[in-house]
Amino acid sequence: MKSEFVFRVIPIFREVWGNLRNKKLVAFCAAVFAAITTMAAAQGAGTSFAAVELSGASGSAATQTQVSTQANTDTTYSFQGASGEIRITKIGTFPCGKQPKQVLFTPDDEYIVMPLLDENGFDIFSLTEKKVIKRINPPESSKLGFVEGLFIPEKNAFFVSQMTTGKIHEYSYPGFEYRRSISTGGTWSKFMVWSGEKSLIAVSNWLSNDISLIDYDTGKVHRKIKTKLAPRGMAFTNGGKSIISLSFDSGVIERFDTSNGNRTNSITIDKAAMRHVVLSPDEKTAYISDMYHAQVLAVKLDKFEITDKIKVFNNPNTIDLWKGRYLFVSSRGPNNPVDYTLRSPKDGIITVIDTKDMSVVAKIQGGNQPTGLDVSNNGKYLCFSNFQDQNIELYELSGE
């Protein structure tokens with residue numbers, strides 16, 4: 001009962017937080033909130049942390065579905081590309097830990113890493129063995145809440161964010177040997193992006209409504225940038241001189257100057273819930289998922305304006321580009337009418353968009369609440385996680 005109360009009160013807390021203007025009250029509430037989340041994690045109740053973001057969660061371990069490994073059943077989706085047929089062929093469905101929030105291919109495409117929201121670390125899946133071969137437990141892993149990952153190949157580094165501690169944990173890659181933990185100075189740290197030109201890691205902090213710019217070499221917070229409510233997705237542009245930030249709760253797309261933290265541009269969409277952003281290879285266009293309106297936006301960055309949009313399935317989450325043209329979009333499906341943190345009444349869909357004309361060219365059937373999604377670096381594979389099913393799906397991409 002205590003854990004159920006704690007996690008149902010979190011969305012209310014977030015709303016109050018966003019409207020607070022008294023700094024002493026903010027500090028007090030931050031301390032209380034940290035104590036609550038730590039206590040809840042220590043109880044080991046297995047209650048979802050996803051209640052503060054409409055990305056789905058199970059109410060308890062009893063509602064989780066452990067899915068057995070399924071071999072390729074010759075499920076193939078195809079569409080006509082610019083120079084021939086493109087095929088998306090299922091390799092299999094594979095079990096992993098509870099609430100896989102994201103999936104990331106390693107730089108050499110040997111493994112897939114899965115940060116687990118409701119587990120004590122992140123899983124490592126071998127593409128050769130087609131199974132999870134290891135669970136890695138960062139410091140303070142009992143507090144759960146692992147959200148996103150980030151590879152920095154030039155530093156032989158991998159980072160995983162842990163929102164319940166406001167820290168990012170660094171590991172070596174290859175090897176996944178622990179290096180250090182860095183405090184972001186923010187509350188409920190989630191998404192991370194890297195600027196090689198500036199040697200900076202940006203981390204979005206969901207509850208403190210800001211972005212931490214962290215110097216890689218020192219591990220110190222270089223600057224905090226104040227954003228609109230609940231920043232989520234981000235992207236560095238212009239050689240790290242600018243950063244785009246998406247406000248989930250305010251429905252605002254913002255661009256900031258990283259040298260001083262000043263906002264230079266913004267776009268507001270009524271009731272929008274911006275989640276993820278990726279850039280075109282030439283960095284002239286940003287593609288953005290909007291969960292509330294179930295759409296994907298195309299934003300031209302020179303004029304910072306929306307030039308196109310397209311509807312997708314309910315609650316689009318993570319997006320990624322393949323061959324610089326085809327956009328894969330994971331949509332978790334409609335909310336459960338009883339409680340959005342429960343299993344969706346319909347399974348989700350992966351939509352494939354041709355960004356040349358912003359048209360839908362294919363739809364891939366997902367499991368319950370597809371959330372994390374990634375295309376391999378060599379362009380041969382697509383992987384996405386089914387948040388409620390406790391599994392990932394792997395596909396082979398071929399053609400063109």
note = Around ASN386 (Cβ within 10 Å, Cβ-to-Cβ, excluding ASN386; K/R +1, D/E -1) the net charge comes to -2
message = With an 8 Å Cα cut-off and a minimum separation of 6 or more residues, compute the relative contact order for the range 102-206 in percent.
response = 17 percent
remark   = The relative contact order of the range 256-305, taking Cα pairs under 8 Å that sit 6 or more residues apart, comes to a percentage of 27 percent
task = Roll a 1.4 Å probe over the protein heavy atoms and report the accessible area of ASP217 in Å², nearest 10.
result = 110 Å²
remark   = One finds the C-alpha centres of the range 350-365 and the range 84-112 to be spaced, in Å, by 19 Å
task = State the percentage of accessible surface on the range 85-235 attributable to carbon and sulfur atoms; use a 1.4 Å probe and exclude ligands, DNA and RNA.
result = 46 percent
key: Surrounding net charge for SER359, when Lys and Arg each add one and Asp and Glu each subtract one, Cβ distance under 14 Å   = +2
inquiry  = Given axes a ≥ b ≥ c from the Cα gyration tensor, I'd like to know whether the range 150-215 is rounded (a/c under 1.5), prolate (a/b larger than b/c) or oblate.
reply    = oblate
query = Quick one: how many Å² of THR75 are accessible to a 1.4 Å probe, rounded to 10?
reply = 40 Å²
ask   = Reachable aspartates and glutamates from LYS228, Cα under 20 Å, same-chain residues fewer than 8 places away excluded?
value = GLU15, GLU53, ASP210, ASP249, GLU254, ASP257, ASP270, ASP290, GLU305
task = Give me the accessible area per residue for the range 243-347, probe 1.4 Å, as a whole number in Å².
result = 40 Å²
task = Please give the direction-averaged projected area of the C-alpha convex hull for the range 103-158, in square nanometres with one decimal.
result = 3.9 nm²
request  = Go through LYS101/LYS241; LYS90/LYS380; LYS190/LYS323 and tell me which ones have a Cα-Cα distance over 19 Å in this structure.
outcome  = LYS101/LYS241; LYS190/LYS323
request  = Could you tell me what percent of the accessible area of the range 279-400 is made up of carbon and sulfur, with a 1.4 Å probe and every protein chain present?
outcome  = 45 percent
note = Rounded to the nearest Å, the spacing of the alpha-carbon centers of the range 124-191 and the range 295-345 is 25 Å
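The values are calculated or read from the model by the stated rules, or taken from the named source; none is laboratory data. None of these values were measured; they are calculated from a predicted model. No Cβ is skipped: glycine too gets one built from the backbone with ideal geometry, and neighbour counts run over all protein chains shown. The accessibility values were calculated without ligands, DNA or RNA, using every heavy atom of the protein model including side chains. Shrake-Rupley method; radii C 1.70, N 1.55, O 1.52, S 1.80 Å.
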